[in-house]
Every structure is written in structure tokens, then in C-alpha cells.
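The values are calculated or read from the model by the stated rules, or taken from the named source; none is laboratory data. Since we're looking at a predicted model, the values are computed, not measured. Using ideal geometry, Cβ is built from the backbone for each residue, glycine included, and neighbour counts are taken over all protein chains shown. Heavy atoms of the whole protein, side chains included, go into the accessibility calculation; ligands, DNA and RNA do not. Shrake-Rupley method; radii C 1.70, N 1.55, O 1.52, S 1.80 Å.
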Amino acid sequence: MIVSKFKPLIAPLQLWLLSMSRCVGCGKELTKVQRAPHGKGEELVTCECSRIYVYDIKNKSYRRALVKEV
């Protein structure tokens, strides 16, 4: 499958964007988008391009939200 060939190339770029607090889809700064409380010490962050992230307040880091978290 074509996607599996590109994943090793794209994954480091996506991690780099998330470390800079940027959306992996559109590159928008995640500090300027809609937020909602989510569990202990976490926030759900929804980008304008409809991607959803979880922000860990303690570690000050972002990750993509799982389907069951949405």
C-alpha cells in the first residue's frame, strides 16, 4: 500500500510540527485555536481544519486525539 511507504517519511515531520505547537494538517499555530477541558490536566484542541489534538497541560505537549477520546 502506498500510505505505508510514506509513513516513515511523514511521521518525523508531524512530530516536529507538534513539538512546535503546529497542526500537522494545515500548519496553524495550536495555541490560537478552540480549546475545551478534557479530563485531568488535559484540553481538547480543535483546529480549523477539523483535526483534534489533546494538550497535556503538565508536560506542555500536544498529541493527536484517539477516536474514543473525541
Picking from Glu48, Glu43, the residue that is touching a strand residue (DSSP E or B) at 6+ places or on another chain (Cβ under 7 Å) and either part of a loop (DSSP other than H, G, I, E, B) or modelled with pLDDT of 95 or more (or both) would be Glu43
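For the subset of the stretch 27-70 comprising residues that are of a type in the set (Gly, Ala, Ser) and closer than 19 Å to Ala11 by Cβ, which member is surrounded by the fewest Cβ atoms within 10 Å (Cβ to Cβ)?
So the first thing to find is which residues in the stretch 27-70 are of a type in the set (Gly, Ala, Ser), and the list is 27, 36, 39, 41, 50, 61, 65.
After this cut, where a residue has to be closer than 19 Å to Ala11 by Cβ as well, the list is 27, 61, 65.
Working: Gly27: 11, Ser61: 13, Ala65: 18.
My answer is Gly27.
Of all residues in the stretch 1-26, how many are among the small types (Gly, Ala, Ser) and open to solvent by less than 70 Å² (accessible area, probe 1.4 Å)? Quick ask: steps written out before the conclusion?
If we filter the stretch 1-26 for residues that are among the small types (Gly, Ala, Ser), which is where we start, we get 4, 11, 19, 21, 25.
From what's left, open to solvent by less than 70 Å² (accessible area, probe 1.4 Å): 11, 21, 25.
Adding up the residues that qualify gives 3.
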